[in-house]
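Colleague: Mind looking over this structure? Questions follow.
Only the coordinates and a few stated rules stand behind these numbers; no lab work does. From a predicted model like this one, the values you see are computed outputs, not experimental measurements. Using ideal geometry, Cβ is built from the backbone for each residue, glycine included, and neighbour counts are taken over all protein chains shown.
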Amino acid sequence: MTIKPFTPQLVYIEPKALEYPLGEKLKGKFEKMGLEIRQTTSHNQVRNIPGENDLQKYRNAKSTLVVGVRKTLKFDTSKPSAEYAIPLATGCMGHCQYCYLQTTMGSKPYIRTYVNVEEILGAAQSYIDEHAPEITRFEAACTSDIVGIDHLTHSLKKTIEFFGKTELGKLRFVTKYHHVDHLLDADHRGKTRFRFSINADYVIRNFEHGTSPLTERIGAAEKVARAGYPLGFIVAPIYIHEGWQEGYKKMFEILDEKLGQDTRDDITFEFIQHRFTKPAKRVIQKNYPMTKLELDEEKRKYKWGKYGIGKYVYQIEQQEELKDTLYSYMNKYFPKAKIEYFT
Ligand code: SF4
């Protein structure tokens, strides 16, 4: 089933956002679209998400868009894929049950887009200058599926064009959506790596509700590669399920079958195994009470993490098996592609 481009059910506009041209523009656009718009006096006022219980509120929040201003221009780090996370938006309309945003967004799972894009790009320029003559890479999808909302705001497009003009800056992001058409004519000058998240059919079907089907993601990948973007795929989360070897093989077969030969000159692969934290497990089970996601600490290996919150990853032997199997498929179907990491 195809997924329509995201349209919010409800829009909140923070007063400060209207001091920026993009804020005004979005207000006019959403009015024309006939969306319900509420004005707030501050970010914290966005509390009255409709819904009779937490679950309904959570679901409604995921189709609520807040137009706001990014106050902190200090960027988080974003290893291993980039040096910094560039904050263009937070939150996502997707319903991936394993998504870590459920934990990081806590009680505010709505989508928030920032209209002070010039200031954000100014901060990015300062980070680039600070690291010169090294290249500095920025990840735009750490706190949101930015492609999935960009048809409304075009702030990612602006960011792509900004990086096109920098000498030492590079941009990357990943998406599960296929709504890329407005980005095809962006003046990217090869500085942006456009990545798509892909997975075995079982994982997409059971855990990635509200996102584009695999074949549509691949169709979009082909379009962006033809538009000259360096292309990448992130296989994540790699999840052990019955018949996973076959499932991931099939995924590579579909990718091989659907992706034009002429679009394979510059492809990277990143591999990320499934992991969860104890707080994430609690939130997942609350937001998706019927989830089939396997979250048994006993079966996993504990890995110490930042702020004392460790993650549960697969056992070492399982990790090795996953890595060997996926690398072998990748080498078979995409011998020229580059592996960035397995984590
Ligand atoms: Fe989370 Fe990405 Fe799924 Fe959105 S598409 S819910 S950001 S995993």
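Colleague: May I ask you to list the residues in the stretch 156-198 that are within 24 Å of Lys79 (Cβ to Cβ), touching a residue at least 40 places away in the same chain (Cβ under 8 Å) and part of a helix (DSSP H, G or I)?
Modeller: Leu156, Thr159, Phe162
Colleague: Could you list all residues from the stretch 215-240 that are aliphatic (A, V, I, L, M) and in a helix (DSSP H, G or I)?
Modeller: Once the filter is applied, which keeps residues that are aliphatic (A, V, I, L, M) and in a helix (DSSP H, G or I), the stretch 215-240 yields Ile218, Ala220, Ala221, Val224, Ala225.
Colleague: Determine, yes or no, whether Asp145 is charged (D, E, K, R), within 16 Å of the ligand (Cβ to nearest atom), touching a Phe, Trp or Tyr at 6+ places or on another chain (Cβ under 7 Å) and within 23 Å of Cys96 (Cα to Cα).
Modeller: yes
Colleague: Taking the stretch 95-144 as the region of interest, how many residues are farther than 30 Å from Lys57 by Cβ, part of a loop (DSSP other than H, G, I, E, B) and either without any contact (Cβ under 8 Å) to a residue 12 or more places away in the chain or acidic (Asp, Glu) (or both)?
Modeller: 1
Colleague: Under 8 Å between Cβ atoms, at least 6 apart or on separate chains: pull out the pairs that start in the stretch 54-69 with a residue that is without any contact (Cβ under 8 Å) to a residue 12 or more places away in the chain and end on any residue that is aliphatic (A, V, I, L, M) and crowded, with 16+ Cβ neighbours inside 10 Å.
Modeller: Within 8 Å, the pairs are Lys57/Ile49.
Colleague: Tally the residues that are surrounded by 10 or more Cβ atoms within 10 Å (Cβ to Cβ), more than 24 Å from the chain's Cα centre (by Cα) and of a type outside the set (Lys, Arg), restricting the search to the stretch 298-313.
Modeller: Residues in the stretch 298-313 being surrounded by 10 or more Cβ atoms within 10 Å (Cβ to Cβ), more than 24 Å from the chain's Cα centre (by Cα) and of a type outside the set (Lys, Arg): 1 in total.
Colleague: Do you know which residues across the stretch 43-67 are within 21 Å of the chain's Cα centre (by Cα), more than 13 Å from the ligand (Cβ to nearest atom) and within 23 Å of Asn287 (Cβ to Cβ)?
Modeller: Result: Asn60, Thr64, Leu65, Val66.
Colleague: Counting only residues that are surrounded by 16 or more Cβ atoms within 10 Å (Cβ to Cβ) and among the charged types (D, E, K, R), which one in the stretch 260-276 is farthest from Ser328 (Cα to Cα)?
Modeller: If we take residues in the stretch 260-276 being surrounded by 16 or more Cβ atoms within 10 Å (Cβ to Cβ) and among the charged types (D, E, K, R), then Arg275 is farthest from Ser328 (Cα to Cα).
Colleague: A further question follows. Just one of the numbered conditions (1) away from the ligand (no atom under 16 Å from the Cβ); (2) touching a Cys at 6+ places or on another chain (Cβ under 9 Å) is not true of Glu167; which one?
Modeller: Every condition holds for Glu167 apart from (2).
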